[in-house]
Amino acid sequence: MDPALGPPEAMAEKRDELTPMMAQYHDLCARYDDAIVLFQVGDFYETFCGAAERTARLLEIALTSREDSTGEYPMAGIPIDNAESYVETLLEAGYRVAVADQVEEPGESPGVVERAVTRVVTPGTLTEDELLASDDNNFVAAVARGRGSGAKSDDPELALALLDVSTGDFFATSSTSSEAIADEVSRFDPAEAVVGPNAPTDLFAERCMVTPYDATAFDRERAGETVSRYFRNPDALLASDAEIRACGAALAYAEYVRGGEHEGERDTTLEEEAEGGENDTDADDSDRNRLEYITHLTRYDPREYLLLDAVAMRSLELFEPRAVEGREEATLVGVLDETACALGGRTLRDWIRRPLLEPDRIEARLDAVEELTADLQTREPLHDRLRNVYDLERLIGRISRERANARDLRSLRDTLAVVPEIREEIADADCTRLQELHGSLDPLVDVRELIDDAIVSDPPIEITEGDIIAQGYDDGLDELRATARDGKQWIDDLEDGERERTGIDSLKVGYNSVHGYYIEVTNPNLESVPEDYQRRQTLKNSERFVTPELKEREDQIVGAEERADEREYELFCEVRREIAAEVERVQGLADALATLDALVSLATVAAQYDYCRPELLERDERAGLEIDIDGGRHPVVERTQESFVPNDATLTNAQRLAVITGPNMSGKSTYMRQVAQITLLAQVGSFVPARAARLTPADRIFTRVGASDDIAGGRSTFMVEMDELATILREADEHSLVLLDEVGRGTSTADGLAIAQAITEHLHDIVGATALFATHHHPLTELADDLEAAFTLHFEVEQVDGEVVFHHDIAPGAATGSYGVEVATAAGVPADVVERSRELVADAASDGTADDDDVPIDAEATDESTTATASADGGDVPTDIAAELRALDLAHLTPVEALTELDRLKRLLEE
Ligand code: ADP
């Protein structure tokens, strides 16, 4: 274990001799032994021993030491006031942080001040706004294994639960395929994973923090109890035991990080439970930690959405740009996100993460987007008003966790105040989706009135120091305030009265925090001081006095003010609880606002960038996809450069495999990606960057694009490539859209071509997927002519005065050359190198050793009978080897088997 975690050795050895405070620290470290314990001492959070050394280094703060009768301990502390930024650094360094606060005032009870862990901060369970991205969810995942359900109940299954503790968003799914679960993990991209014993931690390797957690939380029975404290009938809601176990563990973990043992602010909740009375003690105990705002659990099947694995999400640049430097906005979400509030931002991301399959749901979104796109008079004011919407989901989460202050309540009120205006904007909407939203926009008038009546309009952040509750809300409070006010008035009048009574014109009434109110008389006037004045303080030029009546009034003021502050706090907590009871209504409203914002965002983009409504084609279960795009553009690339050349794409069941050739940089990969992105956008319910688009929704998009080394995983570019290809060949079907870019580059030309060819045939003959295949291997264009449902496309470039000009427009047929040398010139490769390259190309062409990449293959060489192809040394591939290659069943070979097989074939060639 990390020496910074767990009880410090130096303390553990002499636990019984430690001072009470250090014993407390030791015990908390033992209890939260997977976290760094931040231990409140006055205005600081301190760490000691190994943890102090570690935090001092990580946070760049001073390492000091503390000495007491039992020894000297290294110590490092951070000021409580800006603890969050330090906590963030610790999280980034891969630690969890347990915050141990003083939970009573010093001196409140005899002995050492009581401290308790009030929250455990972990990457996946953050709730602090400062530590969270506002427009993205932050999920903690839990996985459990179990027996499956339904017909395949004997197959072991993996279940995945995903919970956003800051918003209450909660999802569960399961599958017998661990790859499918891995895809869901990359879809939701959790910040942390909670795992029980024997959990498949490799699902999360390199992805997020993995937290081993209490095995009993994953127990079927215990997990069932946990889930049923939140949802009435877990067995009906969830599909299997494994799902119940994963969900139970996720909830238990969320409760644990809330800092379970400390009652503090939650006293009244306990009282309420006592009133309820019928629960047994155990349930009382666990119910206390219940997170009331977790009210919905969405159980889904991965097959309900367009499947995108990690590779596809990356290569289609959904959330992360491919080129890292300086192009953060160059992602699909970057171009689509015109949302006005955090709620809409998160919803839009969810839509992009989980594009729909079901036509009715897609059309419902498209109808709304169409209506909003056409109506600028509605869209713009809506967009403006949505800007005033606070993050209601996280707000109600804080209210429910009793972490909200009075300003949060005012923010809620301000949002509720704009709801009627937003509602009004869509009052006359035609489409069903907008009409439904109109119905769901409940302005929660009662909640708004409660806040208006109870909370002043500009309250302070502190909730225990008064000035929160509005005048007229509570008679008792008003009385206390009146008493304090009367007392102050009496004191204000005192100065004039006493001047008159004593005849001392310079007499003053003042206040200081040590002695309270006093009457000050300068030395020359001391003789006129009346008898009832009692001396309190002697200064250089004057004396200060009190009178019994002044003291009495002072006590009255102080007493009333203190009680008023207490009363205000009580009332505030009551109001907060009253609002917390409305959690589901607030969440319903938040949901409607989020959806509306996401739709307005899609419509804004559609209007601004001239997108069109895609037409969804009905799916024929036996046939493949149909894609017909007229004048399509790449949504991301078109934004990053001045002009973009639109291109068409037509793929049908009869013509479903396009082999695309053309020189480097001519636009092949942009073209393929834009077809996939347009398909994906349509399934999100968005308009698409094209003049017109008609398409059948795809079940899954696969990509094999570009070379990437998996250095951490110890796999070469070629291995990564083969691995990704194996997945595609294994899992794609006729409802998949497959993009392949330059397959087979990581090996010799002959091997690469062989693999590319075998894959093309397999995709065509067996998988039947709709596929776009960009390649350097010109023989593949010939192959395309032979395969019934394959065809060729190419990008042509022009040579003007020895320079290459890219037109970026696609045309039928195969390209004639690769122009590699010319592209090198354009890229600024020195002239002598270019010249030498030209000579070499010319030599190669004349003596027949040219790489097949650069010379269109001789028509005779592709004679049906031999299907011979040019190999690296210029000879033909013997028919028997070509036949063996064709017979290779790549779908059932592991990458290593494929390599071995290739190696064997290569040796045969060399013999
Ligand atoms: P290839 O895959 O053929 O090597 P890319 O698709 O990567 O080429 O395109 C190279 C560059 O050309 C892109 O980064 C982009 O700037 C530009 N480009 C591609 N397609 C178009 C287009 N249709 N209109 C305008 N520019 C384009």
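Residues of segment 747-764 with the amide nitrogen closer than 13 Å to a label point 7 Å from the Cα of Leu909, along Cα-to-Cβ, please.
747-758
Enter the mean projected area of the convex hull around the alpha-carbon atoms of segment 9-121, in nm², rounded to one decimal. Please list the in-between numbers first.
Values: hull surface 27.0 nm².
Taking the Cα atoms of segment 9-121, their convex hull projects to 6.7 nm² on average.
Quick check: residue separation of Ser748 and Leu376 times 0.36 nm, minus the Cα distance between them. What number comes out in nm?
Length gained between Ser748 and Leu376: 128.2 nm.
With every protein chain kept in the model, how would you rank Arg187, Arg904, Arg303 by accessible area, 1.4 Å probe, largest at the top?
Values: Arg187 5, Arg904 95, Arg303 175 Å².
Largest accessible area first, the list is Arg303, Arg904, Arg187.
How big is segment 356-439 in terms of Cα radius of gyration and Dmax, in angstroms?
15.7, 45
Hey, could you get me the Stokes-Einstein D for segment 305-463, Kirkwood radius over alpha-carbon pairs, 37 °C and 0.692 mPa s, rounded to whole µm² s⁻¹?
Working: Rh = 18.2 Å.
For the chosen part, D equals 180 µm²/s.
How much of Ile80 can a 1.4 Å solvent probe reach, expressed as accessible area in Å² and rounded to 10?
50
Using alpha carbon centroids, what distance separates segment 352-382 and segment 421-448, in Å?
16
Which of the aspartates and glutamates could a cross-linker span from Lys14 if the Cα-Cα distance has to be under 17 Å and same-chain partners fewer than 8 positions apart are dropped?
Counting by Cα, and skipping residues close in sequence, Lys14 has these aspartates and glutamates nearby: Asp27, Glu67, Asp68, Glu72.
Note the full-extension length gain between Ala133 and Glu84 as 0.36 nm times their separation in residues minus their Cα-Cα distance, in nm to one decimal.
Values: separation 49, 0.36 × 49 = 17.64 nm, distance 1.43 nm.
In short, 16.2 nm is gained.
Once the Cα gyration tensor of the chain is found, what semi-axes does its equivalent ellipsoid get, as square roots of 5 times the eigenvalues, in whole Å, sorted largest first?
Working: eigenvalues 912, 204, 159 Å².
Result for the chain: semi-axes of 68, 32, 28 Å.
Note down the Stokes-Einstein diffusion coefficient of segment 610-763 in µm²/s, whole number, using a Kirkwood radius over alpha carbon pairs, 20 °C, and 1.002 mPa s. If you can, show how the numbers build up before the last one.
Working: Rh = 16.6 Å.
Diffusion coefficient, whole number: 129 µm²/s.
Taking the Cα atoms only, what angle lies between the long axis of helix 178-188 and the longest principal axis of the chain, rounded to 10 degrees?
Between helix and principal axis, roughly 50 degrees.
Taking a probe of 1.4 Å, how large is the accessible area per residue of segment 475-576, in Å²?
Working: 5960 Å² over 102 residues.
Roughly 58 Å² per residue, with all protein chains present.
Segment 178-256 to segment 574-646: how many Å between their Cα centroids?
Segment 178-256 and segment 574-646 have Cα centres separated by 30 Å.
For a paramagnetic label modelled at 7 Å from the Cα of Glu570 toward its Cβ, which residues of segment 485-526 fall within the zone defined by backbone nitrogen distances under 11 Å?
none
Quickly work out the Glu901-to-Ala811 label distance, labels modelled 7 Å from Cα along the C-beta direction, and quote it in nm with one decimal.
3.8
Go through Ser109, Pro20, Phe48 and say which Cα lies farthest out towards the positive end of the charge dipole of segment 9-121; charges sit on Cβ, +1 for Lys and Arg, -1 for Asp and Glu.
Among Ser109, Pro20, Phe48, the one farthest towards the positive end of the dipole of segment 9-121 is Phe48.
Determine how many Å³ per residue the convex hull of the Cα atoms of segment 423-536 encloses. It would help to have the intermediate numbers written out before the result.
Details: hull volume 20.4 nm³, N = 114.
Convex hull of Cα atoms, per residue: 179 Å³.
Take segment 742-797, compute every pairwise Cα distance, and split them into 10 Å bins from 0; I just need the percent in each bin.
Bin by bin from 0 Å, the calculated values are 24, 56, 20, 0.
Using a 10 Å cut-off on Cβ atoms, rank the peptides 188-194, 560-566 from the highest mean neighbour count down.
On the way: 188-194: 24.4, 560-566: 17.4.
For the peptides 188-194, 560-566, the packing ranking is 188-194, 560-566.
Determine Rg/Rh for segment 105-257; Rg is computed over alpha-carbon atoms and Rh is the Kirkwood hydrodynamic estimate from the same atoms.
On the way: Rg = 17.1 Å, Rh = 16.2 Å.
Reported Rg/Rh, Kirkwood definition of Rh: 1.05.
Under the Kirkwood approximation applied to all pairs of distinct alpha-carbon atoms, what is the hydrodynamic radius of segment 329-379 in Å?
Working: mean 1/r = 0.0813 Å⁻¹.
Averaging 1/r across every pair of different Cα atoms and inverting gives 12.3 Å.
For Tyr256, Tyr390, give me the order by solvent-accessible area with a 1.4 Å probe, most accessible first, ignoring ligands, DNA and RNA. Spell out each step's value before the answer.
On the way: Tyr256 65, Tyr390 105 Å².
Result of the area sort, largest leading: Tyr390, Tyr256.
Which value does Rg/Rh take for segment 475-576 over its C-alpha atoms, Rh per Kirkwood? Provide the component values of the computation, followed by the final result.
On the way: Rg = 16.7 Å, Rh = 15.0 Å.
Over the Cα atoms of segment 475-576, Rg/Rh equals 1.11.
What's the Kirkwood radius of segment 543-624 in Å, using all Cα pairs?
Values: mean 1/r = 0.0502 Å⁻¹.
Result for segment 543-624 stands at 19.9 Å.
By accessible area of protein heavy atoms, probe 1.4 Å, what ranking do Arg361, Arg501, Arg481 get, highest first? Write down the numbers at each step before the final one.
On the way: Arg361 100, Arg501 125, Arg481 50 Å².
Most to least solvent-accessible, the answer reads Arg501, Arg361, Arg481.
Please give the residues of segment 396-427, grouped as numeric ranges, whose backbone N is less than 17 Å from a label point set 7 Å along the Cα-to-Cβ vector of Ala581.
399-402
Tilt of helix 717-731 relative to the longest C-alpha principal axis of the chain, in degrees (0 to 90, nearest 10)?
It works out to around 90 degrees.
At a 1.4 Å probe, what is the % contribution of carbon and sulfur to the accessible area of the chain? Walk me through the numbers on the way to the answer.
Working: 18340 of 40670 Å².
Taking all protein chains in place, the chain shows 45 percent carbon and sulfur surface.
Using R₀ = 60 Å, calculate the FRET efficiency as 1/(1 + (r/R₀)^6) where r is the Cβ-Cβ separation of Thr432 and Ala883; round to 0.05.
Between Thr432 and Ala883 the formula returns 0.55.
Going by alpha carbons, how many degrees (0 to 90, nearest 10) lie between the helix axis of 220-230 and the longest principal axis of the chain?
The angle comes out at about 60 degrees.
The values are calculated or read from the model by the stated rules, or taken from the named source; none is laboratory data. A quick note: this is a predicted structure, and the numbers were derived from the prediction, not measured. Glycine also receives a Cβ, built like all others from the backbone with ideal geometry; neighbour counts cover every protein chain displayed. Surface accessibility is based on the protein's heavy atoms, side chains included, excluding ligands, DNA and RNA. Shrake-Rupley method; radii C 1.70, N 1.55, O 1.52, S 1.80 Å.
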